[in-house]
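Below is one structure, written out as structure tokens, with a few remarks after it.
Since every read-out is calculated from the coordinates, none of them should be taken as a lab result. None of these values were measured; they are calculated from a predicted model. Neighbour counts run over all protein chains shown; Cβ positions are idealised from the backbone, glycine included.
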Amino acid sequence: MGKLATDITGKKPVSLGLLGAAAFMVIADARVIDPLLHIIADEFNVGVGSAAVIISAYTIPYGLFQLIYGPLGDRIGKLKVITAALTAFAIGTAICAFVSNIILLTLLRFLTGMAAAGIIPITLAYIGDNFPYEERQTAIGRYLSALVLGQILGGSLGGIFGEYIGWRDIFLLFGIVSVGIAGFLWRGTRHLSDGNRSQGRIVLTFRPYYQLMTQPVARTVILGVFIEGFCVFGGFAYVGAFLREQYNLPYVAIGFMLSGFGLGGLIYSRSVKWLVRRLGEIGLIGVGGSLMCIGFLAIALFQNWVLFIPLSMLTGLGFYMMHSTLQTQATELTPEARGTAVSLFVFNLFIGQGIGAAAFGRIVDSFGYVPCFIAAGISLALLSIWLVKQKQSTRSL
């Protein structure tokens, strides 16, 4: 992975490779639950929809604590926040290997989500400090390669450990590796640039967020990413359990099949420059929403596991086309305080994901998996139409 360009102070920022390694661990840790959900539910003798509380317990604090980490990164330095958060994340993840019941696992996932909140969004703001807007979507697309690999290997490793080793051991492994990355990050960033930093005392207040939400463009981006997180990850959280119950596939196969979502993201990250030039922001949102809708509806209606990998890749490609566009727009909402803007963006993404997992869990427990996937697909199509119309109306002003 490439490196960030030298910033205006003449100091060389930390490499995207090192920051990408931290992002990889956070995403892999979040996605490893997908193929393990059925195993964990069986071990603790609860339903799949009830076991999904561990997903919400991670994603909701991940979103909530963006409101703290954003201003903190703007004030004391983004790299300091990233390093401290990764260290806490590593410890919490490792302890998950030793829980004795679903309540303790839920609590630890909550604490781990709190720590993980200070890594990826602050890194995105850090990238925003060092790349001009016309180059930023390409840079973010390249950084997304690490996140995509986390998506791919997180699901795959979850399936392998669930089938052959044990679901607890994957959390211990992730914790140990994350400690090592945090050590390298601390050692490697002491003499590097920390990007733009706001002046003055550290005062945590909701006023910057309120001021941001008075902007019509910001409201569109923030509401859009909330609905996106609600539908995409709220619905996709149950695909692994669906594959197990519908086709009785081994967990290792389910893990690899779920990795198709990340492969779609990898396709996007490798072709982002061409896609941006060819489709533009409106085209990326429109096509992305259409692909996600087709993917979810096809998974629900075709019910053929052989088709799942290409359908999952299609859904992942569509997600990254839409999400990366919204993400790039978020980095430009308040250039003087990007940490705050990106944190509000990610807050809504993960609050949407947490609420979505709980809401779709109710649908799964009451009506089954098919209505869950159909609802997600149709909602994403409607979202893309609304976002395109909002973007077109903004251009016409």
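Annotated for the chain: lysine pairs at least 8 residues apart or interchain, Cα distance under 30 Å, count 14. Centre-to-centre, using Cα atoms only, the range 257-311 and the range 326-382 are separated by 17 Å.
Between ALA146, ALA84, ALA115, the residue with the greatest mean-square fluctuation in the GNM of the chain (Cα pairs under 10 Å linked by springs) is ALA84.
Here the Kirkwood formula puts the hydrodynamic radius of the range 203-335 at 16.2 Å, using every distinct Cα pair. Among complete DSSP H helices in the chain, those whose alpha-carbon atoms stretch at least 24 Å along the helix's long axis and whose mean Kyte-Doolittle hydropathy reaches -1.0 are 78-95, 133-160, 167-189, 216-236, 260-302, 308-330, 338-367, 369-396. Each of (i) 23.4; (ii) 17.8; (iii) 20.6 is a candidate for mean projected area of the Cα convex hull in nm²; the one calculated from this structure is (ii). Of LYS78, LYS391, the sequence from fewest to most neighbouring Cβ atoms within 10 angstrom is LYS391, LYS78. Can you give the log10 of the normalised intensity I(q)/I(0) at q = 0.19, 0.26 Å⁻¹, computed with Debye over equal Cα scatterers of the range 313-397? Values returned for q = 0.19, 0.26 Å⁻¹ are -1.05, -1.32. For the chain, averaging the sequence separation of C-alpha pairs within contact (under 8 Å, six or more residues apart) and dividing by the residue count gives a relative contact order of 27 percent. When only alpha carbons are used to place a centre, the range 37-74 and the range 104-179 end up 14 Å from one another. Considering every alpha-carbon pair of the range 82-190, the percent of pairs per 10 Å bin, from zero through the bin containing the longest distance, is 14, 37, 34, 13, 3, 0.
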